[in-house]
Amino acid sequence: MAVVLLATVIGTPILAVGQSEVPAALAPTIAQVPPPHPPRDVRGSDSPNDAGGSIAITWIKSLDDGAGLNSVTAYKILRATSPTGPFDTIGAAAAGQTSFTDAVARTSTPYYYEVAAVALVPTLGGEPVPLLVPSDPSPVAHAKAQWFHAGRLNALIAVIILCSAILYFITQAKSGRSLFIRKIAGLEAVDEAVGRATEMGKKIFYIPGTQDMDEVQTLAGITILGRVAKVAADYEADLQVPVARSLVMVTCREVVKEAYLNAGRPDAYKEDKIFYLTDDQFGYAAGIDGLVMRDKPATMFYMGAFYAEALILSETGNSIGAMQIAGTAMPAQLPFFVAACDYTLIGEELFAASAYLSKEPKLLGSLKGQDAGKAIILVTILIGIILTSIGALSLQTNDPEKLGFYNIAPWFEVQ
């Protein structure tokens, strides 16, 4: 074992205690201080649950860690591809630590590690000299990739439960079984709202949010627009759709056109009723408010993603006495819609509208399956909380051997 000094004293490099390279004036002083004990049992192992390229290194700390004249102050981590070296420094650890992660290892490359204790040895000049005492080389270690992240086993189980529930209820819906879906008041009121506008001889405004087609709430809002347009075509009501995005305008035109066609009134469809205002958030809100104050519509729908303009729009509609139905998944805007509108679709009710309105078996089964899967997951979480609270279930350990079936990472290594 080589004991190597890391510094130059009086211009002469000191390579090893007791060797001829040590200056004669300093050798007696250094020789009186025994070198610190090296770390023991250095081992490298593949880091679990990763894509490779990482090796975890552990060791038993030096007996002189935190004690003695030549107390160990740090550890240097050295690596080589051969047990005989050469070993290169790849990192360091503070005194008292017993682990290090080599995050720059190449997958499937054999590596050997040494952990060197670093101590400060006093000299005649009073300035201590850093002394490096390396351990024996570790057994060979390889970095490997795993197919499966064992720490996410709970997520896999939840996905399996959810998918199983969805497939089961889709099968039940296709077989003709009637699935109970609770009533959503805002969607039930669509016929009433359109009929009210027809009786009053006034317009219907439909606002599909302020975001583009890449926003899922916009898609949900346009789905509901199809239903509203069909009822408007049946009742011969005047439906207008001012939008804030050009692509949304094109999509809304196609949806409304198809709804009028399905209602048997293609001649009643007017393309210019779906029109673009502006991309600017508050410019769009101001434009709609101007239309509302001039035309005084009887009914207004707000379906999609809304931000600060939510209160501006809904309060203006409320001020003219319009019947208003809103729906959004933006939590910060829901209180404004609840306060100013007659009906509000809250969160997932907006996304469930397509299944609720179409009654299509696949959509209904999917909706019912999601609710059932989430209920099972919530019950499981509740049971886990209760068991943990009473001390019947405890995973407070860092020892993978004590985690039972959770310690399955080696089963999924990429060979």
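Restricting to region 65-108, what's the tally of residues that are in a loop (DSSP other than H, G, I, E, B) and of a type outside the set (Val, Ile, Thr)?
18
Among the residues of region 330-352, write down those that are among the aromatic types (Phe, Trp, Tyr), in contact (Cβ under 8 Å) with a residue 40 or more places away in the chain and either over 22 Å from ARG182 (Cα atoms) or in a helix (DSSP H, G or I) (or both).
Correct list: PHE351 only.
Criterion first (assigned to a strand (DSSP E or B), surrounded by 19 or more Cβ atoms within 10 Å (Cβ to Cβ) and among the aromatic types (Phe, Trp, Tyr)) does PHE301 satisfy it? Steps first, please.
Values: assigned to a strand (DSSP E or B): yes; surrounded by 19 or more Cβ atoms within 10 Å (Cβ to Cβ): yes; among the aromatic types (Phe, Trp, Tyr): yes.
Against the criterion (assigned to a strand (DSSP E or B), surrounded by 19 or more Cβ atoms within 10 Å (Cβ to Cβ) and among the aromatic types (Phe, Trp, Tyr)), PHE301 qualifies.
Which members of region 99-128 meet the condition of being in contact with a helix residue (DSSP H, G or I) (Cβ under 8 Å, 6 or more places away or on another chain) and of a type in the set (A, V, I, L, M)?
Once the filter is applied, which keeps residues that are in contact with a helix residue (DSSP H, G or I) (Cβ under 8 Å, 6 or more places away or on another chain) and of a type in the set (A, V, I, L, M), region 99-128 yields VAL121, LEU124.
Condition first: buried (at least 19 other Cβ atoms within 10 Å of the Cβ) and part of a helix (DSSP H, G or I). Now tell me which residues in region 235-248 satisfy that.
VAL248, the sole residue that qualifies.
Any residue that is on the phi < 0 side of the Ramachandran plot, assigned to a strand (DSSP E or B) and hydrophobic (A, V, I, L, M, F, W, C) - is there at least one of those in region 272-279?
Yes: one or more hits.
Of the residues LEU313, LEU291, LEU357, LEU367, which is part of a helix (DSSP H, G or I), modelled with pLDDT under 85 and not acidic (Asp, Glu)?
None of the others qualify; the one that does is LEU357.
For region 149-172, state whether one or more residues are exposed (fewer than 15 other Cβ atoms within 10 Å of the Cβ), at pLDDT 85 or above, of a type in the set (S, T, N, Q) and not assigned by TED's automatic domain parsing to the domain that holds HIS37.
yes
Does PHE301 satisfy the condition of being aromatic (Phe, Trp, Tyr), within 18 Å of ARG227 (Cα to Cα), touching a Gly at 6+ places or on another chain (Cβ under 9 Å) and assigned by TED's automatic domain parsing to the domain that holds GLU192?
It is true that PHE301 is aromatic (Phe, Trp, Tyr), within 18 Å of ARG227 (Cα to Cα), touching a Gly at 6+ places or on another chain (Cβ under 9 Å) and assigned by TED's automatic domain parsing to the domain that holds GLU192.
Report whether or not THR198 is closer than 22 Å to VAL292 by Cβ, of a type outside the set (A, V, I, L, M, F, W, C), buried (at least 24 other Cβ atoms within 10 Å of the Cβ) and in the same structural domain as ILE320 (by TED's automatic domain parsing).
Working: closer than 22 Å to VAL292 by Cβ: yes; of a type outside the set (A, V, I, L, M, F, W, C): yes; buried (at least 24 other Cβ atoms within 10 Å of the Cβ): no; in the same structural domain as ILE320 (by TED's automatic domain parsing): yes.
Judged against the criteria, THR198 is not a match.
Given the condition modelled with pLDDT under 85, within 18 Å of SER62 (Cβ to Cβ) and touching a helix residue (DSSP H, G or I) at 6+ places or on another chain (Cβ under 9 Å), answer yes or no: does some residue in region 132-146 qualify?
Looking for residues that are modelled with pLDDT under 85, within 18 Å of SER62 (Cβ to Cβ) and touching a helix residue (DSSP H, G or I) at 6+ places or on another chain (Cβ under 9 Å), one finds none in region 132-146, hence no.
Out of the residues in region 40-64 that are among the small types (Gly, Ala, Ser) and outside any strand (DSSP E or B), state the one that is surrounded by the most Cβ atoms within 10 Å (Cβ to Cβ).
In the first step, residues of region 40-64 are kept if they are among the small types (Gly, Ala, Ser); the result is 44-45, 47, 51-54, 56, 62.
Among the residues that remain, those that are also outside any strand (DSSP E or B) are: 47, 52-54, 62.
Working: SER47: 21, GLY52: 18, GLY53: 17, SER54: 19, SER62: 25.
Taking the candidates together, the pick is SER62.
Select from region 74-91 the residues that are crowded, with 17+ Cβ neighbours inside 10 Å and among the β-branched types (Val, Ile, Thr) and list them in ascending order.
Correct list: ILE77, ILE90.
Among the residues that make up region 297-310, is at least one of them among the acidic types (Asp, Glu) and within 19 Å of VAL241 (Cα to Cα)?
Yes, region 297-310 contains a residue that is among the acidic types (Asp, Glu) and within 19 Å of VAL241 (Cα to Cα).
Can you pull out every residue in region 307-329 that is closer than 22 Å to ASP191 by Cα and free of Cβ contacts under 8 Å to residues at least 12 places away in the same chain?
GLY321
Considering (1) touching a residue at least 40 places away in the same chain (Cβ under 8 Å); (2) assigned to a loop (DSSP other than H, G, I, E, B), say which one ALA220 fails and leave the rest.
(2)
The values are calculated or read from the model by the stated rules, or taken from the named source; none is laboratory data. The structure presented is a predicted model; accordingly, all values stated were derived computationally and were not measured. When we count neighbours, we look across all protein chains shown, and the Cβ atoms used for this are built from the backbone with ideal geometry, even at glycine.
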